[in-house]
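The values are calculated or read from the model by the stated rules, or taken from the named source; none is laboratory data. On a predicted model such as this, the values are computed, not experimentally measured, just so you know. FYI the Cβ positions are ideal-geometry reconstructions off the backbone, even for glycines, and counts take in every protein chain you see.
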């Protein structure tokens, strides 16, 4: 009897999981079949997105890799690639509903690995934006606006914001071609969990690139920050004061949302939207459902297969 492992997501977690199952686990389980489900038909090297989001910085074949090519070596009876998005999950009947074009396909599984990851609000291309075509379109819009802007505000001074501001500084601000401003909620860039000496170093490096940093400030909710031209935003400070800032372009780098809407409400944490999971990454109450969507970035978790 064939045992089907469905892997939802072909990103930094799902892709190596699928390869591991096909290369290693299947050697001990000849009845194993892997179905990889992904809404986009390419692997997106999102780690470098802060660099290739700039115009003319990197060719597409350096950050988008066709998924079909990555799995061409596997026999059809052992592997299937489904280009579609998970819409429903019925853990009681071991079935996941995947939207493929206009059809909703039901795929039954013996074991389910959820590696759907997360996305940024406002369709920012720091991570995948829906399909491959939608990601390309988002990148094209951002690049065009960066090219035309003379002043750019980067909203959010976490890892993504700092790296993106650094890329803008290296390319434009250091040479006096564009004004670049980074806004962060803390007095120093990066998060509090990062050591202060590292944060101070990041600030110093941004200064060298002629990137202006405004710390201890948050973008007011009414600003509706998204990628827009000639945008005026309001900043609020801890002492209650506020200031306005005008730029040709405002780019948000915050607002990560887990891709878990397809899962039943009882499987999701109400506050974070992440899937509930135990220490072994299994969904509580469902020994054949595993989640590779941790609260913190740690994609390479490949110790979940001995239960097959």
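Values for this structure:
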read-out: Any strands (runs of 3 or more DSSP E) falling wholly within region 105-176 and containing at least 1 residues that are at pLDDT 95 or above, buried (at least 23 other Cβ atoms within 10 Å of the Cβ) and assigned by TED's automatic domain parsing to the domain that holds residue 193; value: 151-155
read-out: Single condition residue 234 does not satisfy, out of (1) surrounded by 12 or more Cβ atoms within 10 Å (Cβ to Cβ); (2) modelled with pLDDT of 85 or more; (3) assigned by TED's automatic domain parsing to the domain that holds residue 98; value: (3)
read-out: From 130, 169, 156, residue being within 15 Å of residue 53 (Cβ to Cβ) and within 19 Å of the chain's Cα centre (by Cα); value: 156
read-out: Residue within region 79-88 that is exposed (fewer than 12 other Cβ atoms within 10 Å of the Cβ) and either assigned to a strand (DSSP E or B) or within 17 Å of the chain's Cα centre (by Cα) (or both) present; value: no
read-out: Evaluation of residue 101 against (1) over 18 Å from residue 12 (Cβ atoms); (2) not assigned by TED's automatic domain parsing to the domain that holds residue 39 (one fails), failing number; value: (2)
read-out: Residue 256 vs. criteria touching a strand residue (DSSP E or B) at 6+ places or on another chain (Cβ under 9 Å) and exposed (fewer than 13 other Cβ atoms within 10 Å of the Cβ); value: no
read-out: Among (1) touching a residue at least 12 places away in the same chain (Cβ under 8 Å); (2) over 21 Å from residue 54 (Cα atoms); (3) surrounded by 15 or more Cβ atoms within 10 Å (Cβ to Cβ), the one test that residue 194 misses; value: (1)
read-out: Meets criteria (surrounded by fewer than 17 Cβ atoms within 10 Å (Cβ to Cβ), at pLDDT below 85, touching a strand residue (DSSP E or B) at 6+ places or on another chain (Cβ under 9 Å) and assigned by TED's automatic domain parsing to the domain that holds residue 164) for residue 226; value: yes
read-out: Residue within region 43-63 that is over 30 Å from residue 249 (Cα atoms) and at pLDDT 95 or above present; value: no
read-out: Number of positions in region 6-48 that are touching a helix residue (DSSP H, G or I) at 6+ places or on another chain (Cβ under 6 Å) and within 16 Å of residue 113 (Cα to Cα); value: 5
read-out: Members of region 198-212 found to be within 10 Å of residue 165 (Cα to Cα) and part of a helix (DSSP H, G or I), listed by number; value: 206
read-out: Residues that are farther than 24 Å from residue 152 by Cβ and either in contact (Cβ under 8 Å) with a residue 60 or more places away in the chain or in contact with a helix residue (DSSP H, G or I) (Cβ under 6 Å, 6 or more places away or on another chain) (or both), drawn from region 50-78; value: 64, 74
